[in-house]
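The block underneath contains the structure these notes are about, expressed in structure tokens.
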Amino acid sequence: QQQQQQQQQQQQSYQQSQKNVQDLDTSKQAKKKEAPALLDEKLMKEKFEAFLRKQVKIDQFSENLDQYLIPPSFILTGIQVGISINVNDGGQMLLLSELFTNLLKKKKLTKESVTKAALEAIRTNVSAFEKDPTIAKKIAYLIFHCDTCAQSFITNEFYSFPSLKEATEEGLLSSVISNWLCIDFADTESHARSLYKKLDFSYVLPQNQQSIRALYSFLEKNNILALDEELSVFSDVGDKLNSGISLVGLGKWCEKNISSEITPKLINCLVGACVEHLLDTGKNDVDKVVQKFARVLNPILTKSIENQLIALNQIQQRFSEVGTEADSVFPGKLLLKFFLALYDTETITEEAYLSWKENDKDSFGKQQCLSALVKFYTWLATASEESESEGSGSE
């Protein structure tokens, strides 16, 4: 009887071990079935081709991806397929934009990965822009229409991506935009102008090319200056100054030709024209130039501290750009004379000067400008103390 019990126990133990082995095999097979395969390059191209030729809908495309591991090259492959399809209206890139946005929401892609792939596509194709500008247009459609990607390129988030800053300094983004706007400008002027108004070039042009003069040169070089009607103020006022127009004549001309609506662009154009005139011809007669220009600037700048800060930032930007140009030296002495003259004509107030000094200390050229203005701020502090002591004495 004991032997029978032992045999039964052994048999049960054996059956249990067999069952455990079977369960393990079944579990392994199930896991093997569940593990998605890596999406290879050939299959990726086929899927993107079908999707971009509208043979497959976006939902179907997204669901099909669930069974695959998405490789790092996925986004760039999609962009390259979109570029290769011989259609010039940008429709394929809008589809890609919609797809990437969809996958970003599902957390299958990251913002950084889309941004890096878009930049890689620019680098890969930038040499072909001149031969086939429609490539730039296609890439532009992607980066400015993909919700999350566009936020990286044209908002304050821009510099959070080192790769984007690097691409800006290389001039890659400005190359894309200039080609894109050129094509749309040739197709329909109004459409290109509306696109242009949405762009903030401070996030596209390199840091040493963000003055109003640099923007003017950029548009002029790419034959799209007509897109920015406000910029004509910069060149027109500059021409008037260089022609030797009188103080009264300049004031009358501005009253007749300049819009009464004050915008940051208008302030930058007027201040920029004054700065260029000083840099070109007025170095030895700063007081005279500023007195002439004060008639135009004072009614605008004295309206608010904000307007004066816009003007000071434009001065900082342009003077700092000059310091980076080949065979040029930072014009620190001229900047010092300019600040003194603007104070004497009551164009810029003490409050604005102090505010500008403390704000954005890490901005392009700020420290260089402040170093050149040590004497000015020492004098300003002394003058302020004397004014206060005179006021208390009279009391």
* **helices (runs of 4 or more DSSP H) contained in segment 36-101 and holding at least 3 residues surrounded by fewer than 15 Cβ atoms within 10 Å (Cβ to Cβ) and of a type outside the set (Ser, Thr, Tyr)** => 41-52, 58-65
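Evaluate segment 377-394: report whether one residue or more is over 29 Å from residue 245 (Cβ atoms) and either in contact (Cβ under 8 Å) with a residue 40 or more places away in the chain or under 31 Å from the mean Cα position of the chain (by Cα) (or both).
Among the residues of segment 377-394, not one is over 29 Å from residue 245 (Cβ atoms) and either in contact (Cβ under 8 Å) with a residue 40 or more places away in the chain or under 31 Å from the mean Cα position of the chain (by Cα) (or both), which makes the answer no.
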* To do: Determine whether segment 207-224 contains at least one residue that is aliphatic (A, V, I, L, M) and surrounded by fewer than 17 Cβ atoms within 10 Å (Cβ to Cβ).
  => no
* Asked: Quick check: anything in segment 215-224 of a type outside the set (S, T, N, Q), in contact (Cβ under 8 Å) with a residue 40 or more places away in the chain and part of a loop (DSSP other than H, G, I, E, B)?
  -> yes
* Residue ID - modelled with the lowest pLDDT, chosen from residues in segment 189-214 that are in contact with a helix residue (DSSP H, G or I) (Cβ under 6 Å, 6 or more places away or on another chain) and not in a helix (DSSP H, G or I) -> 200
* Structure fact -> Residue set 256, 283, 240; condition of a type in the set (D, E, K, R) and surrounded by 16 or more Cβ atoms within 10 Å (Cβ to Cβ); output residue 240
* To do: Tell me which of these residue 318 doesn't satisfy, since it passes every other one: (1) buried (at least 22 other Cβ atoms within 10 Å of the Cβ); (2) farther than 14 Å from residue 212 by Cβ.
  => (2)
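Would you point out which residue out of 273, 214 is among the small types (Gly, Ala, Ser), within 21 Å of the chain's Cα centre (by Cα) and under 18 Å from residue 312 (Cβ atoms)?
214
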* To do: For residue 251, indicate whether it is in a helix (DSSP H, G or I), open to solvent by 10 Å² or more (accessible area, probe 1.4 Å) and in contact (Cβ under 8 Å) with a residue 40 or more places away in the chain.
  => no
* Pairs where the first residue, in segment 186-201, is under 25 Å from residue 169 (Cβ atoms) and the second is modelled with pLDDT of 70 or more, C-beta under 7 Å, 6+ apart -> 195/181; 195/184; 196/181; 196/227; 196/228; 199/177; 201/215
* Every pair of residues 6+ apart whose Cβ atoms lie under 8 Å, when the first sits in segment 296-307 and is without any contact (Cβ under 8 Å) to a residue 60 or more places away in the chain while the second is part of a loop (DSSP other than H, G, I, E, B) and surrounded by fewer than 15 Cβ atoms within 10 Å (Cβ to Cβ) -> 298/346; 302/346
* **Residues that are crowded, with 16+ Cβ neighbours inside 10 Å, in contact (Cβ under 8 Å) with a residue 24 or more places away in the chain and farther than 12 Å from residue 308 by Cα, drawn from segment 351-370** => 364, 365, 366, 368, 369
* Asked: Can you name the number of the only condition in (1) over 17 Å from residue 180 (Cβ atoms); (2) among the basic types (Lys, Arg); (3) assigned to a loop (DSSP other than H, G, I, E, B) that residue 131 fails?
  -> (1)
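Evaluate the following for residue 276: is it open to solvent by 10 Å² or more (accessible area, probe 1.4 Å), touching a residue at least 60 places away in the same chain (Cβ under 8 Å) and either under 19 Å from residue 342 (Cβ atoms) or not hydroxyl-bearing (Ser, Thr, Tyr) (or both)?
yes
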* Considering only segment 102-114, state which residues are in contact (Cβ under 8 Å) with a residue 40 or more places away in the chain and either of a type in the set (Asp, Glu) or exposed (fewer than 13 other Cβ atoms within 10 Å of the Cβ) (or both). => 106, 112
* **Number of the exception - residue 103 against (1) of a type outside the set (D, E, K, R); (2) at pLDDT 70 or above; (3) within 27 Å of residue 220 (Cβ to Cβ); (4) out of contact with any Gly (no Cβ under 7 Å at 6 or more places or on another chain)** => (3)
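The values are calculated or read from the model by the stated rules, or taken from the named source; none is laboratory data. Here the structure is a predicted model, which means the values were calculated and not measured. Heads up, the Cβs are rebuilt from the backbone with ideal geometry, glycines too, and the neighbour counts pull from every protein chain shown. Note: accessible area is taken over every heavy atom of the protein model, side chains too, but ligands, DNA and RNA are not part of it. Shrake-Rupley method; radii C 1.70, N 1.55, O 1.52, S 1.80 Å.
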